[in-house]
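J.: The structure under discussion is supplied below as structure tokens; questions concerning it will follow.
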Amino acid sequence: MTQTVAVLGTGKIGEALLSGMIRAGWRAPDLLVTTRRSERAEELRTRYGVEAVTNAEAAKSADILILAVKPQDMGKLLDELAPHVTADRLVISAAAGIPTAFIEERLADGTPVVRVMPNTPVVVDEGMSVISAGSHATPEHLGHAETIFGGVGKTLRVPESQQDAATALSGSGPAYFYFLVEAMTDAGILLGLPRAQAHDLIVQAAIGAAIMLRDSGEHPVKLREAVTSPAGTTISAIRELENHGVRAALIAALEAARDRSRELASGNG
């Protein structure tokens, strides 16, 4: 890789991207990081051999800037970057709810911006990153983003108008599964199992089911029906889930997450 990439805000997501790029073939001298704390900078230098710089230094020297800061810190970061970012740089934002227009307005006219919504499984290379082009980004720019985020999972291009829905479904998605596992573990305890055993049973069931969904090509209804015997245990449980409105609750929950993403994007944080 001949381009220099800077990760600005190297927390968990930023470090996962950094690690993924190194495994994908980027050389450490071509990677820069920025952090708030000097001890964190030293930790990254020791672990990856990369150089830690200031935000301004990164903006002056990197070809690709990955903005991995929290959404509430984006405005301040852009103020730091604006005097140094020229329109030949690629800016990739991984901040939830921040539209490309917000970034474009604060940087040099014509600066290509790509918006990415990764989810937390990027830290174990099983993430899903949803990618959208800003008004000046080309397919080549999207390809650069896919190369970077593809090192830590899968990527999907969508129009930016669909980013709020993708955030609700994929960005927040892991939390829904953790919530479900937590509830099912509690149910296992209620049924008489030790917590550790209940946890292991549910986690392995979740892993196996996810792999079957990914690899079988079958619709989830067909996979569910294969487990659901007439007058059996599974159909009794499914009936109770339907009686308690679990399907409707999930739809309402995702609508609420989408609406909150829209609020954040409009600045109503």
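The values are calculated or read from the model by the stated rules, or taken from the named source; none is laboratory data. Treat the numbers as computed from the prediction; the structure is a model and nothing was measured. Cβ atoms come from the backbone with ideal geometry, glycine included; neighbour counts cover every protein chain shown. Quick note on the areas: whole protein, heavy atoms, side chains included, nothing else; ligands and nucleic acids left out. Shrake-Rupley method; radii C 1.70, N 1.55, O 1.52, S 1.80 Å.
J.: Could you work out how far helix 233-243 tilts from the main Cα principal axis of the chain, as a 0 to 90 degree angle to the nearest 10?
T.: Once rounded, the angle reads 70 degrees.
J.: Place a +1 charge on the Cβ of each Lys and Arg in the chain and a -1 charge on the Cβ of each Asp and Glu, then give the dipole magnitude about the Cα centre in debye, rounded to the nearest 20.
T.: Taking the Cα centre of the chain as origin, the dipole is about 300 debye.
J.: Could you order Ile148, Ile211 so the one with the most accessible surface comes first? Probe is 1.4 Å.
T.: Of Ile148, Ile211, the descending order of accessible area is Ile211, Ile148.
J.: What spacing in nm lies between the two simple spin-label points modelled at Arg106 and Ser229, each 7 Å away from Cα in the Cβ direction?
T.: Output for this residue pair reads 5.9 nm.
J.: Per 5 Å bin, what is the whole-percent P(r) computed from every C-alpha pair distance within region 5-78?
T.: 3, 18, 31, 29, 14, 5, 1
J.: Can you check what the Kirkwood hydrodynamic radius comes to for the chain, Cα pairs only, in Å to one decimal?
T.: 20.5
J.: A further question on this structure: Can you give the log10 of the normalised intensity I(q)/I(0) at q = 0.14, 0.22, 0.24, 0.25 Å⁻¹, computed with Debye over equal Cα scatterers of region 36-117?
T.: These q points yield log10 I(q)/I(0) values of -0.47, -1.06, -1.20, -1.26.
J.: Given a 1.4 Å probe, how much area per residue of region 224-269 is accessible, in Å²?
T.: Solvent-accessible surface per residue comes out at 75 Å².
J.: Divide by every residue of the chain the summed helix terms, -39500 (n - 2.57) for each DSSP H run of at least 4, and state the resulting mean residue ellipticity at 222 nm, rounded to the nearest 500 deg cm²/dmol.
T.: -15500 deg cm²/dmol
J.: Considering the chain as a Gaussian network with a 10 Å cut-off on Cα pairs, which listed residue, Leu254, Leu193, Leu77, attains the greatest mean-square fluctuation?
T.: Leu193
J.: Excluding Gly75 itself, calculate the net charge of residues whose Cβ lies under 13 Å from the Cβ of Gly75, where each Lys or Arg counts +1 and each Asp or Glu counts -1.
T.: -1
J.: Which of Ala210, Ala95, Ala166 moves the most in a Gaussian network model of the chain with Cα springs under 10 Å?
T.: Its mean-square fluctuation being the largest, the pick is Ala210.
J.: Next question, about the same structure. For the charge dipole of region 1-84, defined by +1 on Lys and Arg C-beta atoms and -1 on Asp and Glu C-beta atoms about the Cα centroid, which residue among Leu32, Gly20, Ala52 has the Cα displaced farthest towards the positive pole?
T.: Result: Gly20, furthest along the dipole toward the positive end.
J.: Mind listing the long-range amide H neighbours of Ile92? Cut-off is under 5 Å, sequence gap 5 or more, other chains count too, H placed in the peptide plane at 1.01 Å from N.
T.: Sorted by chain and number, the residues that satisfy this are Leu65, Ile66, Leu67, Val114.
J.: While we're on this one: Taking R0 as 35 Å, what FRET efficiency do you get between Ile238 and Thr86 from their Cβ-Cβ distance, rounded to the nearest 0.05?
T.: 0.05
J.: For region 1-76, give the percent of accessible area contributed by carbon and sulfur heavy atoms, probe 1.4 Å, rounded to a whole number.
T.: Carbon and sulfur together cover 49 percent of it.
J.: What does the net charge come to around Ala248 if you take all other residues with beta carbon closer than 13 Å to its beta carbon, with K and R at +1 and D and E at -1?
T.: Residues near Ala248 contribute -1 overall.
J.: Another question, if that's okay. Would you mind giving the average projected area, over all directions, of the Cα convex hull of region 46-184 in nm² with one decimal?
T.: The number I arrive at for region 46-184 is 9.3 nm².
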